[in-house]
Amino acid sequence: MKNLAIYPGSFDPITMGHLDIIHRAANLFDKLIVVVMVNPVKHCSFTPAERVSLIEQCVGGLNNVTVEYSDGLLAEYAKQKNATAIIKGLRALSDFEYEFQMALTNKKLNPDVETLFLTTTAENMYLSSSMVRQIATMGGDISGFVPDVIHKQIIKRLKG
Ligand code: COA
């Protein structure tokens, strides 16, 4: 497969910011795999299967996008898939140091893959999955932060 990119994240849950990056990356590459991965410093609210399912519901209309789960190393996963690029979304300067460190580490572990950063659109700059979870858990309005198709499921799941 030529020009395969992977877009990793914990996606707990997917937000409009992630979806924007998915649409733009899907236009740039022949195939895009959105991969739900483990960030060892985070305790996720949604199970891996739930996170995969939520993403799948949002990308149904994009026929070059698939969704997977991996609990391994990103650099190894990229090697297995023979990926050309790892896509990451950059929100603000505060993301930069952490992303820079991860990109360099992944390059060391897998020299064949490039990390490409797409800048998040202005309206999604402030978004994060944990903010969405917090607002939903406290009964706030998360429409506009998450895709319509999964909005009710997220509220139902987080409000119990
Ligand atoms: N718009 C809005 N929000 C965005 C966004 C965008 N475009 N892109 C990211 N975010 C948010 C995410 O929702 C997340 O919010 P949260 O902290 O509240 O959960 C936050 O920004 C950070 O996102 P990201 O930098 O993508 O981190 P992540 O935890 O979602 O994913 C992994 C990190 C899973 C990719 C990383 O831990 C990993 O590679 N794991 C595999 C193990 C491995 O290889 N480790 C070594 C790495 S060098």
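The values are calculated or read from the model by the stated rules, or taken from the named source; none is laboratory data. All values reported here derive from a predicted model rather than from experimental measurement. Neighbour counts run over all protein chains shown; Cβ positions are idealised from the backbone, glycine included.
Against the test of being within 8 Å of the ligand (Cβ to nearest atom), surrounded by 15 or more Cβ atoms within 10 Å (Cβ to Cβ) and hydroxyl-bearing (Ser, Thr, Tyr), the options Tyr7, Tyr77 yield a single qualifying residue, Tyr77. Applying the criterion of being closer than 15 Å to Gly89 by Cβ and surrounded by fewer than 16 Cβ atoms within 10 Å (Cβ to Cβ) to the residues of segment 121-130, the residue that is nearest to the ligand (Cβ to nearest atom) is Ser128. Within segment 47-59, the set of residues being in contact (Cβ under 8 Å) with a residue 12 or more places away in the chain and part of a loop (DSSP other than H, G, I, E, B) comprises just one member, Val59. In this entry, Cys58 passes the filter for residues that are more than 12 Å from the ligand (Cβ to nearest atom) and under 16 Å from Phe11 (Cβ atoms). Figure legend. Inter-residue proximity from segment 85-104: first residues of a type outside the set (S, T, N, Q), second residues modelled with pLDDT under 95 and assigned to a helix (DSSP H, G or I), beta-carbon distance below 9 Å, spacing 6+ or different chains. Indicated pairs: Lys88/Asp95; Lys88/Glu99; Gly89/Asp95; Gly89/Asn124; Leu90/Phe96; Leu90/Glu99; Arg91/Asn124. The set of residues in segment 96-153 being part of a helix (DSSP H, G or I), within 17 Å of the chain's Cα centre (by Cα) and of a type in the set (Gly, Ala, Ser) consists of Ala103, Ser129, Ser130. Quick one: is Leu158 buried (at least 18 other Cβ atoms within 10 Å of the Cβ) and either more than 13 Å from the ligand (Cβ to nearest atom) or among the acidic types (Asp, Glu) (or both)? So Leu158 fits the description; yes. The residues listed here are Gly17, Gly72; of these, the one that is in a loop (DSSP other than H, G, I, E, B), modelled with pLDDT of 95 or more, out of contact with any Gly (no Cβ under 6 Å at 6 or more places or on another chain) and within 9 Å of the ligand (Cβ to nearest atom) is Gly72.
Within segment 113-127, residues that are more than 14 Å from Gly17 (Cα to Cα) have Cβ atoms under 8 Å from residues that are assigned to a loop (DSSP other than H, G, I, E, B) and aliphatic (A, V, I, L, M) in these pairs: Val113/Ala83, counting only partners at least 6 apart in sequence or on another chain.
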